[in-house]
Amino acid sequence: MNRLPVTIISGYLGAGKTTLINRLLAEDHGQKLAVIVNDFGAVNIDDALIQDTDGGKIAITNGCVCCTMGDDLAVALREVLNRPEHPDHVVIEASGISDPVAIANSVLNENGLSYGGIVTLVDAEHAQTLLNDPLVAPQAEQQIRAADLVIATKCDEISDSLGAALKSAGARTPTVLNGSPVAELLFDIVPLPKGRAVAAHPAYATWQHRSRTVLDRRALGDKLAERPAGLYRMKGFVLTTGGAYELHVVGRHVEAKRCESEETVLVGLGPADRVSRDEIEAWWAA
């Protein structure tokens, strides 16, 4: 039996994994894909953002905030294998704080699957800050070091300083897309053998919110500017008096764009040493 190849998309919070997968799904590569999404928080925002395909998608909504998707991943993979019509390729979008090596080992343990490699995305705008942060640097470096392919996002080229930082973190010949087809990069990887993960990561505080409360659009910007400093990543949809907005927060960067949504659905995350769920909830409720 031909084994079904599986590619893992890794990268720290806000690196652009969903954007990359959406771009892959929009390309005319002729392959039927199954996408498995793992997101932090019980509300699976990425599943709402990923475009559907004939190959279908499976969303894991258990709110993984540890090093592996665990039993849920095995169930999802077996569901793909048991479908009457197999996809040509499986893409796993790993949570931004998950360990891609642990996920790769789960794939290797599943009959009927072949390991297609780990692709780690690195946010060029925040990479050096993360790699200089003693709390999260070991985790970010582990994701980079584990990768068969490192892609720098949010830049047109890799600067000398970013290249040096990535080399120090263990990246093998990092690249940028610059309009190149994603499929040509992702599906032509010769993966290296995977060993055990060695980097531990800090505990994370997670927060989620769902309501139909409509916020004053003019006040939303001020509210976001006053968010807790330790809230590194937040994403979702917000209802305002000016319509609904899709919201992405990465570090100090905020992006909001108009969208269609019937409710406010948000998830947030940050290192537990720097922010708590109660602190995030108090800020949002104020």
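Okay, here's what the table says:
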item	result
Unmet requirement for residue 246, which otherwise passes all of (1) of a type in the set (D, E, K, R); (2) in a loop (DSSP other than H, G, I, E, B); (3) touching a helix residue (DSSP H, G or I) at 6+ places or on another chain (Cβ under 9 Å)	(2)
Some residue of region 114-124 being aliphatic (A, V, I, L, M), at pLDDT below 90 and in contact with a Ser or Thr (Cβ under 7 Å, 6 or more places away or on another chain)	no
Residues located in region 237-266, provided they are on the phi > 0 side of the Ramachandran plot and free of Cβ contacts under 8 Å to residues at least 60 places away in the same chain	243
Residue match in region 7-20 (condition: modelled with pLDDT of 85 or more, surrounded by fewer than 20 Cβ atoms within 10 Å (Cβ to Cβ), under 30 Å from residue 230 (Cα atoms) and out of contact with any strand residue (DSSP E or B) (no Cβ under 9 Å at 6 or more places or on another chain))	no
Spans of strands (runs of 3 or more DSSP E) in region 76-181 with at least 2 residues open to solvent by 10 Å² or more (accessible area, probe 1.4 Å) and in contact (Cβ under 8 Å) with a residue 24 or more places away in the chain	113-123, 149-153
Residue 242 vs. criteria at pLDDT 90 or above and either over 24 Å from residue 12 (Cβ atoms) or acidic (Asp, Glu) (or both)	yes
Considering residues of region 182-218 that are part of a loop (DSSP other than H, G, I, E, B) and at pLDDT 90 or above only, the residue farthest from residue 5 (Cα to Cα)	216
Breaking point among (1) open to solvent by less than 10 Å² (accessible area, probe 1.4 Å); (2) touching a Ser or Thr at 6+ places or on another chain (Cβ under 8 Å), for residue 277	(1)
Per-region count, region 252-271, residues closer than 20 Å to residue 133 by Cβ and surrounded by 16 or more Cβ atoms within 10 Å (Cβ to Cβ)	4
Those residues of region 163-185 which are out of contact with any helix residue (DSSP H, G or I) (no Cβ under 7 Å at 6 or more places or on another chain) and within 30 Å of residue 134 (Cα to Cα), in sequence order	163, 164, 167, 168, 172, 173, 175, 176, 177
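The values are calculated or read from the model by the stated rules, or taken from the named source; none is laboratory data. What you are looking at is a predicted structure, and each value in this text was computed from that prediction instead of being measured. A quick note on method: Cβ atoms are made from the backbone with ideal geometry, for glycine too, and the neighbour counts reach across all protein chains shown. Side chains included, ligands, DNA and RNA excluded: accessible areas come from the protein's heavy atoms. Shrake-Rupley method; radii C 1.70, N 1.55, O 1.52, S 1.80 Å.
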